[in-house]
Amino acid sequence: MSPKSNEMMDNHLLQSESLTRPGPVAAESIRVESKIYDARRLAELHPGGPLFIKAFAGRDASQAFLSYHRRQFPHSSTKAKAAYERDDETVKYSKEDNQDFMELCDRVEKVLPRLSSFAPWYYYLKVAFLLCFVVTLEGYMHYNRVYSWKLSALMGLFYAWIGLNIQHDANHGAVSRYHWVNRALGASQNWIGGSAISWVHQHVVQHHMHTNDVNLDPDMAGSALIRLNPLAPLMKYHIVQHIYFFFLLAIYGFSVVIQSFLNVVYGSHHTAMSPLLVPHRVFESFMSIVFVCRWVLLPLYQVPEIDTFFEHRAHVHGLWLLPGLLLLHQPQLQWCLHA
């Protein structure tokens with residue numbers, strides 16, 4: 001075959017690939033299957049609240065809708081038509097594309113109906129206990145100027161339970177059918193030093209849509225010290241990362257607080273956040289400052305000793321997420337131990 005023929009074939013393949021690859025989505029639009037919607041308008045009309053729609057603005061939310069709602073998107077509904085912008089001719093979609101998944105959803109529906117899978121009444125008892133405990137304990141510590149490592153460690157344990165129970169479920173929209181309940185309980189992430197918006201962007205928008213994808217899942221990024229991604233450079237010291245991994249967890253809480261604040265300020269974590277989240281980012285930046293005032297400035301003001309910082313901060317954040325990380329992130333832990 002002549003070089004000219006090879007060149008023509010390469011051009012044909014590139015043209016074919018460009019026709020099958022979905023095109024980009026405008027920053028204030030959202031794509032569901034082969035249709036483009038106004039993200040602001042759809043957020044206003046979404047029964048589950050505006051946050052998820054805003055978080056997915058500028059992206060394809062087809063898989064997100066299927067995984068959360070377990071049904072086809074109602075393009076012909078009145079609400080969908082009100083937010084409709086245009087068809088996306090770069091996407092070729094038919095209902096048969098997800099036929100196997102929808103069959104699975106039908107089977108699951110018989111065992112766990114969609115509208116009956118929210119939290120039962122006794123879940124709220126757990127929520128009340130955890131939140132009341134941490135508020136009471138914090139009030140006791142500040143009022144009595146007691147910042148011992150024992151109380152700090154206990155606070156850290158309860159922060160872990162809040163982070164891995166209340167905020168996790170709420171920011172997934174799984175606690176209640178009422179979006180304001182999920183939003184209010186999801187804000188517990190901000191109370192314990194993190195960021196609900198950053199978490200939704202990292203966990204819902206990216207991690208759950210690209211689970212364990214070495215390029216697209218931010219949970220696979222790891223760090224220079226912890227190699228989680230098989231594509232990352234393998235250094236000699238990684239041979240003992242299964243040993244120092246547990247020591248690094250002792251300062252994990254510090255990184256959560258600092259990194260969450262930076263993510264919100266810069267509007268990015270692995271990928272850029274939706275521009276529709278800017279008002280939320282402003283509020284959550286303020287909440288991060290409030291957290292620092294509560295657990296750094298106020299204790300040091302009340303007990304101006306260096307021991308206050310080390311005894312209190314190290315134990316609060318050292319136990320921040322340690323118990324839950326060991327339980328809920330077993331795949332990453334196993335990779336760390338065997339990388």
Failed criterion for Leu154 (all others in (1) open to solvent by 10 Å² or more (accessible area, probe 1.4 Å); (2) not in a helix (DSSP H, G or I) hold)
(2)
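Rundown of residues vs (1) under 23 Å from Ala43 (Cβ atoms); (2) assigned to a helix (DSSP H, G or I); (3) out of contact with any Asp or Glu (no Cβ under 8 Å at 6 or more places or on another chain); (4) free of Cβ contacts under 8 Å to residues at least 12 places away in the same chain, yes/no style:
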| site | (1), (2), (3), (4) |
| --- | --- |
| Ile239 | no, yes, yes, yes |
| Tyr244 | no, yes, yes, no |
| Leu276 | yes, yes, no, no |
| Ile289 | no, yes, yes, yes |
Taking Ile197 and the conditions (1) among the hydrophobic types (A, V, I, L, M, F, W, C); (2) surrounded by fewer than 19 Cβ atoms within 10 Å (Cβ to Cβ); (3) modelled with pLDDT of 95 or more, which numbered condition does it fall short on, given that it satisfies the others?
(2)
Only one residue in Gly186, Gly173, Gly139 is open to solvent by 20 Å² or more (accessible area, probe 1.4 Å) and within 21 Å of His46 (Cβ to Cβ). Which one?
Gly173
Go through (1) in contact with a Phe, Trp or Tyr (Cβ under 8 Å, 6 or more places away or on another chain); (2) open to solvent by 50 Å² or more (accessible area, probe 1.4 Å) and name the single condition Asp87 misses.
(1)
Check off (1) modelled with pLDDT of 90 or more; (2) open to solvent by 60 Å² or more (accessible area, probe 1.4 Å); (3) out of contact with any Ser or Thr (no Cβ under 6 Å at 6 or more places or on another chain) for Phe261 and give me the number that stays unchecked.
(3)
Among the hydrophobic types (A, V, I, L, M, F, W, C) and closer than 29 Å to Leu185 by Cβ: which single residue out of Ala64, Ala82 fits that description?
Ala64
Taking segment 204-222 as the search range and keeping residues that are open to solvent by less than 40 Å² (accessible area, probe 1.4 Å) and touching an Asp or Glu at 6+ places or on another chain (Cβ under 8 Å), which one is nearest to Arg31 (Cα to Cα)?
Gln206
Looking at this structure, is Asn229 open to solvent by less than 30 Å² (accessible area, probe 1.4 Å), polar (S, T, N, Q) and assigned to a loop (DSSP other than H, G, I, E, B)?
yes
Note down all Cβ pairs under 9 Å where the first residue falls in segment 144-156 and is aliphatic (A, V, I, L, M), the second is surrounded by 14 or more Cβ atoms within 10 Å (Cβ to Cβ) and not in a helix (DSSP H, G or I), and they're at least six residues apart or on different chains.
Val146/Val303; Ala153/Leu319; Leu154/Leu319; Met155/Leu319
For a quick check of your reading: which helices (runs of 4 or more DSSP H) sit entirely within segment 47-146 and have at least 3 residues that are more than 30 Å from Trp161 (Cβ to Cβ) and at pLDDT below 95?
62-69, 78-83, 99-111
Across segment 270-297, what is the number of residues that are crowded, with 21+ Cβ neighbours inside 10 Å and farther than 13 Å from Ala196 by Cβ?
3
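The values are calculated or read from the model by the stated rules, or taken from the named source; none is laboratory data. Please read all numbers here as calculations on a predicted model, not as lab measurements. Cβ sites come from the backbone with ideal geometry, for glycine too, and all protein chains shown count toward neighbours. Surface areas here come from the heavy atoms of the whole protein model, side chains and all, with no ligands, DNA or RNA. Shrake-Rupley method; radii C 1.70, N 1.55, O 1.52, S 1.80 Å.
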